[in-house]
Each structure stands twice: as structure tokens, then as C-alpha cells.
Amino acid sequence: MRFAAALATTLLATPALADEIWVTNEKDDTLSVIDIETMEVIRTIETGERPRGITFSKDHSVVYICASDSDTVQVMDPDTGKILHDLPSGEDPEQFVLHPDDRHLYIANEDDAITTVVDTETRKVVAQIDVGIEPEGMAVSPDGKIAITTSETTNMAHWIDTETQQLFANTLVDSRPRHAEFVKDGTELWVSSEIGGTITVFDVATQAEKAKIDFDVANVHPDRVQPVGFEFTNDDTHAFVALGPSNHVAVVNAETYAVEDYILVGRRVWHMAFNADRSRLFTTNGVSGDVTVIDVAARKPLKTIKVGRFPWGAAFRPTN
Amino acid sequence: MSRMKTMLAATVLGTLMHSTAAAEIAVPIAQLIIDEARPPVLSNLDPEPQDLGQAGADLGLQDNTTTGRFMGHAYSLTTTQVAEGEDPLPAARAALAKAPFLLIDGPAEALTAIADLPEAAGKLLFNTGAEDPALRSETCRANVLHTVPSLAMRTDALVQFFVQKRWSDIVMITGPHPKDRAYAAAMERSLAKFRLDLAATKDWTFDADMRRNAAQEVPLFTQDFGDYDALVVADETHDFGRYILYNTWQARPVTGSEGLTAVAWAPVVEQWGAAQLQSRFQDLAGRAMRPEDYANWAAIRAIGEAVTRTGSGDPATLRAFMLSDDFELAGFKGRPLTFRQWNGQLRQPIPLVHPRALVASAPLEGFLHQRSELDTLGLDQPESACSAFVP
């Protein structure tokens, strides 16, 4: 292990050749950096305790990491792997989203039923908003006007006006909402419900429920089909949805809301990230401790890459 | 003797903010904790918390209140403790006069007596303490739902593990307490259900202080079991069982009430988001969450979930919803929890644990069922003589 770490450090000196996928390993307190070309782990970087949410700044000059058990958001230089500084995050930050202004982080504080807004420049907390119990999923609309927090035990999507930092709507979804995304230029909001086994689609203008997506994996009991993270292909035509302990990723037609395919991946698939042209999808498989690479056009798994223990979040880093 | 302690666990939250629902609904809930005679046990290591069960209800109320704040639903909880030997019926009548929802954490006889009160008609009661399988069968009541798993669910969970491990020769030591006997009976039923052999049983008859001489006595006591795969200890008061471990003649696993145990909840459950529930409970109560707390938490959360989804505080409406296919409770056990429509039992995975880790979670892989794998635990529809739930 020490040898591998030393080797990783020497690699830092050489310029990166291919784009990368960065994966947080919740039970190893590390990041695994995957080379997209070779589909191998090229670096393992230490982080704070229990790293989960991960996102890059717009220009990819820094990477933000939710170190949940260290009660902080770490700001790292992705070239050196050095922590530049910590941001105040509120207690137990689990997941966050970077506002389109590239400056404000909206952070879900899982243990505290709070959403914390942090200014990454002044490194100060701008606002704290009371939300439901166990906030987790975070999203900001493309125009930056609306932030969403989903709360796992309260089973709601909380709609935050980013101007006033106040809630302006609370909408019920099925049990244990985990992830939220704005799609189609911010006209739709999708929220996954892990225990409910559904995705709820909202019309953003009215906050009204527009569609509900159900999943049905052959030979898997519906109780084990638990949608968590999801990402969209180019032009938001299809969603790839991680289905947790069913060990499958669903492909959903975003126009008809019909499920078109199920792809077998590793155990307890959680979050995911695309490469630059969205031809490859990298899923984190918590229980099997690996990442599955999916060929998006063929809708087939290509390779499994061993990473650390309980991989959680994934983020794309271009290097050219 | 007739002293009754009434505690206001929480008051109705005054202000409601960010209300999305137009109508405001008050949901008063009562909890009755009926103390049972607790025999003295050999070890002083594990004192019973004063707020056992109550703290679980308090956390459930907190969880509901947070959601209620956004919905315009105001939950309140009044906990009444009935001292050992005292008649619980006056306290139950008083509670039912104020609240249409009543959690009862007490023995089976008290539960059925309360359920049969005229004041309980049309109300919704939750059994959060009595594990007797009969309450899910011939003595079931239409106005009682069970969030505490039956003994049969717990012993079925353990026996599934025996089957998976191919531990086919089982022996058992049974203590003298009625709870030990009930556990042993449930275990015998489960072994027969899964076609395993109960090779031998012995009654625990020692009255010595085992802290000093377990090392001498237990090897001799277990010597005539001969060879076997696992030893079940039926010691639900946790009196002597802890002294059996590592003192048996044969080096075999100890399970049942000690060693590998099947419980509704344990501090070692941390998967499926459970770590959050554990830390919320720890913050509230200053101790780890126990099975008794879980059953009370689940009852209050079931009420909350049903109120949230129906927008109603009417017990009949909520009962119908809870027993419908639309109800599901996120119970931090890896899959949605639902109520059995034939006897009102909350379906739930049963963790198999030792004091330091989760070993497995029943139903185990490979135990299949045409409706839900969770129905491989406890009384399945054809096994239950309950007819009160027939629509």
C-alpha cells in the first residue's frame, strides 16, 4: 500500500494524458482517479473522513469534496492532490451542488435537517435553510434561480429561492428521495425515491407532478429496485438511472418516460459520471467496491474497475 | 400502588411554517408503557434504561413533526407509564379519551383487554411490545396493528441462518421464565417449519451465581448434548445465557437469546441509511437505540407516513391506507415496510447480530415467497387463524 501511494505521488509530476473520472471511497477516506483511456486507477488520494459528494469548479481548477465525518467540505488542487483549504459546511455534509455562478455551494447537512449555502470565495456560510429530515439530493436550476434539497425521511423536494434563500414550495415524493436533477433547460425536475422505487418528474413552472417512472427488473423483487443517482445523455434524451441493490442501471427515454433497457453492473450501484462526449458512463458500485464502465450507445457494460471500499460519488475531469 | 406517572413528552408545535396543505390537522397520539415484573438477573452489566420505548416514540414524533411543519400537520404525544401490578385499563381509557391513536408497550393480556374496551372501538392501536405469535393469530384484534415483530419472525430469521449454514443438528437450553418458554416454543415451531432437527433440550435449573463458577458448571451441563451444530439459549430475561458462551463442552456457536441473536433493531445496524437514525436517536436519548425503541418509533412513523399521504387524521381512513398496497414505510432496513393485510403485522427484515456487528439480515437469499420474501418470516397467511381483518 505504501509503495502504491509513493508511486502515485511520482505520477503527479507527469502531465495527465487522458481525461479522468474521480471517485470518492466512503469507507477508505480516499479518492480513486480513473484514466478514461486505459480504464485503470492511476492515482489514489487521501481525503478527510467519509468522502461522499464530489464536484469540480467550472474550470476544473479545484475539486470540492464532502468529507462527511470531518464535518467539512475540502477544496483540493486536482493536479497535486493537496488540500488547499476547508470550507465551513455545517455538520455532516453529504451531497452538494455548485451554483451556476461557480461560487456558491448548496450543501445538504444530513444529520441536521439543514441546507447550508457557502460562498467559496469568502469561505463563509451565507445562509442556512431548515429543510426536512436527512437532506440528501441537491440540484440548482440552470438559470440559478431555484435550488432543490430532497429530504430522505420527510420525503419531500424542498424548493429554495436562491435570491432570498427561503423555501417557496415543498412537494411530496415517494419514500427516501435520494437525487435530484433539472433537465430540459430547467423546465423539468427529476427526483429519485430509493424506497418508493420511482422517479417523480415535476413541471418546474408549477411545481406540479408531471410523470412518475416505475422500474421492473426481471427476476428482482420490486423491493430491491431502488433508484438512486441518475445522469442524462446528450440533449437530455435519455436518463441512466442507478437502481441500487438490484445491481442494474435503467435506461429511461426522457420524452416518453418509458424504461427501454436494464444494464447489469456491480453490487449496490449508487452514483455515476459520463466522459466528455457522454459515450462512456462510469457507475460507482458500493458493495462490490468497483466501478462499471458502460458503453452508452450499445448499452452494455465494458469493464469493471476495482476502486476503494464503498465507492460513492463520481465526477468527470477533462485534462486537455 | 395506584400511582400513575403522566408525562407530556412533547407539546404541539405552535407555529406552522411553509404550509403547503390548506387544512391544518391535529394528530394526537398516546403511548401506554405497562411495566412488567422483571426478575432479578445474575449480571449487573446491563441496566434497563428508564426511557426504554418512550425515547423511540419521542424520536418518531420529532421525525413526524419536521414533515408536519411543511404540511400543516401538528403531531403530539402523551406518554403514560403504568406501574407493575397496576390495572392498565383506567390509564388506557384516559388516553383513548384524548387520542385516537394509542401505542401499547406491554403484555398481551393487557393489550387485548384494552383493544376490547368500548372506548377503543374505531380507534387505532399499535402493539409495540408483545411478541406473542397468538396476537397475530387467534387472539388478533381488528383495531390493533403490530410494529413489534412476533417471536416467530425472530426465530424464523435465526433458523433461516441455520439452514444457510447447514447447521442441521440443534440443541437448546431453556430458562424457567415464561418468556424463555415462549421463546423455546417459537424456536421449536421454526425448526419444524424449516425442517431442522431439535436433537436435545435441557432446562436451566442452576440457582448458583454463574459469574463465579460458569467455567466449572457449564462444560459438565453441556457435555451430554454430545455433538451438534449450534446451541440455542432461550433466556429472554438475559439471566444465565451470557455465561454459556465459550464454556460449552463442544466448541460450537451459541445463538438464540445470546451470541448470534435475531432482533428487530440493534446498535450495530448501520447499512441502508440506518447510521442516520442511530445518530439521531443517540443525540436525543444519550444512549443506543434498542428494539423496544424501534417498535415505538416505527408505529409513530407509520401514523406520520399515513397522515402525510392521505391528508387525514381519521383513524379509520389511516387504518385502511396502512393496510393498502399504497402504504410503505422507510424503516432503515433496506426495503420498504408494509403491513400484512391478514393480521396487521408490520413486515420487516430481521437483523441477525452479535454485539459488535451485523452478521446477516433475514430473509436470507434463497428463501423465496410468492408474495414477498418478508413473508417467509413469522405467520404467513395460511398459518394465521386471524379472521378479524377479513374485509
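The values are calculated or read from the model by the stated rules, or taken from the named source; none is laboratory data. Here the structure is a predicted model, which is why all the values come from computation and not from measurement. Cβ sites come from the backbone with ideal geometry, for glycine too, and all protein chains shown count toward neighbours.
Whether a residue is within 20 Å of A:F232 (Cα to Cα), modelled with pLDDT of 95 or more and polar (S, T, N, Q) was assessed, and A:T200 passes this test.
Filter region B:135-158 for residues that are β-branched (V, I, T) and surrounded by 24 or more Cβ atoms within 10 Å (Cβ to Cβ); which is nearest to B:W204 (Cα to Cα)?
Let us first name the residues in region B:135-158 that are β-branched (V, I, T), namely B:139, B:144, B:147-148, B:155.
Now drop any that are not surrounded by 24 or more Cβ atoms within 10 Å (Cβ to Cβ), which leaves B:144, B:147-148, B:155.
Details: B:V144: 35, B:T147: 31, B:V148: 27, B:T155: 20 Å.
Per the stated criteria, the residue is B:T155.
For a quick check of your reading of the model, give me the residue pairs whose first member lies in region A:100-113 and is in contact (Cβ under 8 Å) with a residue 24 or more places away in the chain and within 14 Å of another protein chain (Cβ to nearest Cβ), whose second is aromatic (F, W, Y) and crowded, with 24+ Cβ neighbours inside 10 Å, with beta-carbon atoms closer than 7 Å and at least 6 apart or on different chains. Note: pairs meeting the criteria are A:A108/A:F96. Scan region A:156-198 for residues that are surrounded by fewer than 24 Cβ atoms within 10 Å (Cβ to Cβ) and on the phi > 0 side of the Ramachandran plot and the total you get is 4.
Okay, residues lined up against (1) free of Cβ contacts under 8 Å to residues at least 40 places away in the same chain; (2) within 14 Å of another protein chain (Cβ to nearest Cβ); (3) farther than 21 Å from B:E236 by Cα:
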{"residue": "B:R38", "(1), (2), (3)": "no, no, no"}
{"residue": "B:L42", "(1), (2), (3)": "no, no, no"}
{"residue": "B:P47", "(1), (2), (3)": "yes, no, no"}
{"residue": "B:T65", "(1), (2), (3)": "no, yes, yes"}
{"residue": "B:S76", "(1), (2), (3)": "no, no, yes"}
{"residue": "B:R93", "(1), (2), (3)": "yes, no, yes"}
{"residue": "B:L102", "(1), (2), (3)": "no, no, yes"}
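The residues in region B:51-78 that are in contact with a strand residue (DSSP E or B) (Cβ under 6 Å, 6 or more places away or on another chain), farther than 20 Å from A:E152 by Cβ and outside any helix (DSSP H, G or I) can be counted, and the count is 5. Looking at B:A134, B:A110, just one residue is touching a residue at least 60 places away in the same chain (Cβ under 8 Å), within 22 Å of the chain's Cα centre (by Cα) and not in a loop (DSSP other than H, G, I, E, B), and that residue is B:A110. Given the structure, is A:A218 over 20 Å from the mean Cα position of the chain (by Cα) and within 13 Å of chain B (Cβ to nearest Cβ)? Here the answer is no, as A:A218 does not meet what is asked.
So which of A:D290, A:D236, A:D223 is under 19 Å from the mean Cα position of the chain (by Cα) and farther than 27 Å from A:K184 by Cβ? Of the residues listed, the single one that is under 19 Å from the mean Cα position of the chain (by Cα) and farther than 27 Å from A:K184 by Cβ is A:D290.
Checked against (1) within 14 Å of another protein chain (Cβ to nearest Cβ); (2) surrounded by fewer than 21 Cβ atoms within 10 Å (Cβ to Cβ); (3) farther than 20 Å from B:G68 by Cβ, A:Q207 passes all but a single condition, namely (3). Of the residues making up region A:1-52, those that are of a type in the set (D, E) and either at pLDDT below 95 or part of a loop (DSSP other than H, G, I, E, B) (or both) are A:D19, A:E26, A:D28, A:D29, A:E37, A:E49.
Among the residues of region B:255-310, write down those that are in contact (Cβ under 8 Å) with a residue 24 or more places away in the chain, within 10 Å of chain A (Cβ to nearest Cβ) and either in contact with a Gly (Cβ under 6 Å, 6 or more places away or on another chain) or part of a helix (DSSP H, G or I) (or both). Matches in region B:255-310: B:W272, B:Q276, B:L277, B:R280, B:R301, B:G304, B:E305, B:T308.
Over 20 Å from the mean Cα position of the chain (by Cα) and outside any strand (DSSP E or B) - does that describe any residue in region A:88-110? There is no residue in region A:88-110 that is over 20 Å from the mean Cα position of the chain (by Cα) and outside any strand (DSSP E or B).
Which one is surrounded by the most Cβ atoms within 10 Å (Cβ to Cβ), of the residues in region B:362-387 that are within 11 Å of chain A (Cβ to nearest Cβ) and within 17 Å of B:W265 (Cβ to Cβ)? Only one residue tops the list, namely B:L374. Within the set A:A127, A:A157, the sole residue that is closer than 28 Å to A:K210 by Cβ and of a type in the set (G, A, S) turns out to be A:A157. Of everything in region A:150-186 that is in contact with a helix residue (DSSP H, G or I) (Cβ under 6 Å, 6 or more places away or on another chain) and more than 13 Å from chain B (Cβ to nearest Cβ), the residue that is nearest to A:P227 (Cα to Cα) is A:V183. If you go through region A:232-241 and keep only what is surrounded by 22 or more Cβ atoms within 10 Å (Cβ to Cβ) and either more than 16 Å from A:D174 (Cβ to Cβ) or within 14 Å of chain B (Cβ to nearest Cβ) (or both), you end up with A:A239, A:F240. Looking at the structure I just gave you, is A:E136 away from every other protein chain (no Cβ under 11 Å), in a strand (DSSP E or B) and either in contact with a Leu (Cβ under 7 Å, 6 or more places away or on another chain) or touching a residue at least 24 places away in the same chain (Cβ under 8 Å) (or both)? Judged against the criteria, A:E136 is not a match. Considering region A:187-196, and only residues there that are under 18 Å from the mean Cα position of the chain (by Cα) and small (G, A, S), the residue that is farthest from the other protein chains (Cβ to nearest Cβ) turns out to be A:S192.
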